[in-house]
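Shown next, in structure tokens, is the structure this report addresses.
Just so it is clear, none of the values below were taken in a lab; they were calculated from the coordinates. Remember, predicted model here, so these are calculated numbers, not experimental data. Methodologically, a virtual Cβ is constructed for each residue, glycine included, from the backbone with ideal geometry; neighbour enumeration extends over all protein chains shown.
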Amino acid sequence: MAVEIKLIISDFDGTLMDTREANFLAYRDALRAVGQDLYPEKYDECFGVRFEEFMLRLGIVNPDLRKTIQAGKAKAYPAYFPRIKINRVLADFIAGFRRSGGHTAVASTARRQNLVNLLEFANLSDLFEIIVSGEEVARPKPDPECYRIAMARLSVRPEECLIFEDTDIGVQAAAASGASYMVINGCFYGN
């Protein structure tokens with residue numbers, strides 16, 4: 001028996017938008033301001049982890065220094081928004097699903113303000129009914145908590161949900177949520 005999909009949830013970084021270069025450059029600027037270097041290879045090893053884990057992997061444990069880096073990254077980030085690429089195929093698919101009456105959500109461990117700012121910049125603010133951000137999630141992916149929060153808020157069962165993801169830990173989280181999922185690889189274009 002077929003089950004109707006009532007909710008689409010999209011991951012953000014790497015799925016809906018390719019933010020890797022913009023994030024790297026903003027972090028590089030913030031770290032340089034405090035006398036630290038960040039190289040692309042090290043950043044690639046850490047891409048997709050929460051800020052706290054990122055700082056640990058860089059060996060930065062001082063809470064005041066972390067706050068300074070986080071504030072510096074937030075300040076630098078908007079200058080690099082033009083380097084972000086949007087997955088227009090996925091965005092158009094989600095927009096069509098929403099127009100047809102389906103529910104839509106984005107679930108990410110990124111900070112809410114970053115998500116809101118990027119969605120506004122890309123003219124995608126109306127694409128999602130709800131945003132589940134890192135501030136609302138106690139356990140990061142591969143735990144399915146972010147997806148379960150979105151399902152609960154929209155009163156949708158896992159089997160009525162389709163999740164779009166791009167990373168191994170994201171796919172693990174999607175699978176653990178009980179929902180169907182699709183792995184996204186590419187389809188990014190400039191703004």
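Quick look at the values:
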| quantity | calculated |
| --- | --- |
| Positive minus negative residues near GLY170 (Lys, Arg vs Asp, Glu; Cβ under 9 Å) | -3 |
| DSSP beta bridges in the chain [antiparallel fraction, %, rounded to 5] | 15 percent |
| Mean Cβ neighbour count within 10 Å, used as a protection proxy, ranking 176-184, 105-113 highest first | 105-113, 176-184 |
| Long-range Cα-Cα pairs in the range 82-179 (distance over 17 Å), rounded percent | 52 percent |
| Degrees separating the helix 112-121 axis from the principal Cα axis of the chain, which is the longest one | 80 degrees |
| Net charge, PRO78 excluded, C-beta distance under 13 Å - Lys, Arg +1, Asp, Glu -1 | +1 |
| Count of lysine pairs in the chain with Cα separation under 22 Å (8 or more residues apart, or interchain) | 8 |
| Rounded to 10°, Cα long-axis angle of helix 20-32 versus longest principal axis of the chain | 30 degrees |
| Listed values (i) 59, 32, 25; (ii) 51, 38, 30; (iii) 45, 38, 33, entry calculated as Cα extents along the principal axes in Å | (i) |
| Pairwise centroid distance, computed over Cα atoms, of the range 1-28 with the range 45-90, Å | 16 Å |
| Cα gyration tensor shape of the range 1-44, rounded if a/c is under 1.5, else prolate or oblate by comparing a/b with b/c | prolate |
| Amide H within-cut-off set for MET17, under 5 Å, with H built and near neighbours excluded | ASN87 |
| For GLU21, net neighbour charge (Lys/Arg +1, Asp/Glu -1) across residues whose Cβ lies under 12 Å away | +1 |
| The range 13-110 shape via C-alpha gyration tensor axes, a/c threshold 1.5 | prolate |
| Exposure rule at most 15 other beta-carbon atoms within 10 Å, DSSP loop GluC sites (Glu not before Pro): the chain longest free segment | 5-128 |
| Between helix 63-76 and the chain: long-axis angle, C-alpha atoms, 0 to 90°, nearest 10 | 70 degrees |
| Percentage relative contact order, the chain, counting C-alpha pairs under 8 Å, at least six apart | 31 percent |
